[in-house]
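This report concerns only the one structure given below.
The values are calculated or read from the model by the stated rules, or taken from the named source; none is laboratory data. Since we're looking at a predicted model, the values are computed, not measured. Cβ atoms come from the backbone with ideal geometry, glycine included; neighbour counts cover every protein chain shown.
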Amino acid sequence: MIEVTCAIIFKNNQVLIAQRGVNMKLPLKWEFPGGKVEHGESKVASLVREIKEELNLEISISKGLTDVLHHYPDFSLRLYPFICKYQGGELNAVEHAQVKWEKITNLMAYDWAAADVPVVKELMELYQ
């Protein structure tokens, strides 16, 4: 079981979404940015590190949302989503095909990675 964190980063009433690269698993699917929790690392430390490495952003964590357990055909993961606030940094996507700030009301228009869909739905319910 892979443990993964993701950040729902708020800035100016929009959230940051990321499209996976062509050479990544689940190519070109949309997701909330984040990454794998390394051995001995806390979920919060993992998320702050991953967002800095992948996007060059500083964030603060506000609260966790409901964990998602998802089984893809070739791997399983537990996704730990966190509501975050943008604190600084110049956005620079290192791994993703593209990243963009989007209104919560528009999120269902994207082709999401299956594990992220419950997070999108919970987010939309919370911020209607």
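Hey, any hits in region 87-97 for a residue that's without any contact (Cβ under 8 Å) to a residue 60 or more places away in the chain, part of a strand (DSSP E or B) and either hydrophobic (A, V, I, L, M, F, W, C) or at positive phi (or both)?
yes
If you go through region 79-100 one residue at a time, how many are over 15 Å from Glu31 (Cβ atoms) and not acidic (Asp, Glu)?
Residues that pass the stated criteria total 8.
Can you pull out every residue in region 68-92 that is closer than 23 Å to Ile2 by Cα and surrounded by 13 or more Cβ atoms within 10 Å (Cβ to Cβ)?
The answer is Val68, His70, Tyr72, Leu77, Arg78, Leu79, Tyr80, Pro81, Phe82, Ile83, Cys84.
Filter region 61-70 down to the residues that are part of a loop (DSSP other than H, G, I, E, B) and in contact (Cβ under 8 Å) with a residue 24 or more places away in the chain, then identify the one that is farthest from Asn12 (Cα to Cα).
Thr66
Read through the list (1) more than 15 Å from the chain's Cα centre (by Cα); (2) over 25 Å from Glu3 (Cβ atoms), then give the number of the only condition that Glu125 fails.
Going through (1) more than 15 Å from the chain's Cα centre (by Cα); (2) over 25 Å from Glu3 (Cβ atoms) one by one, Glu125 breaks only (2).
Going through region 98-128 one residue at a time, which ones are among the hydroxyl-bearing types (Ser, Thr, Tyr), surrounded by 14 or more Cβ atoms within 10 Å (Cβ to Cβ) and free of Cβ contacts under 8 Å to residues at least 60 places away in the same chain?
The one that is among the hydroxyl-bearing types (Ser, Thr, Tyr), surrounded by 14 or more Cβ atoms within 10 Å (Cβ to Cβ) and free of Cβ contacts under 8 Å to residues at least 60 places away in the same chain: Tyr127.
Any residue at all in region 71-82 that is over 20 Å from Lys100 (Cα atoms), part of a strand (DSSP E or B) and without any contact (Cβ under 8 Å) to a residue 24 or more places away in the chain?
Yes.
Would you mind finding the one in Leu55, Leu79, Leu126 that is in contact with a Leu (Cβ under 9 Å, 6 or more places away or on another chain) and modelled with pLDDT under 95?
Leu126
Go through region 14-43 and report how many residues are surrounded by 14 or more Cβ atoms within 10 Å (Cβ to Cβ), farther than 17 Å from Val117 by Cα and at pLDDT 95 or above.
Total satisfying the criteria: 4.
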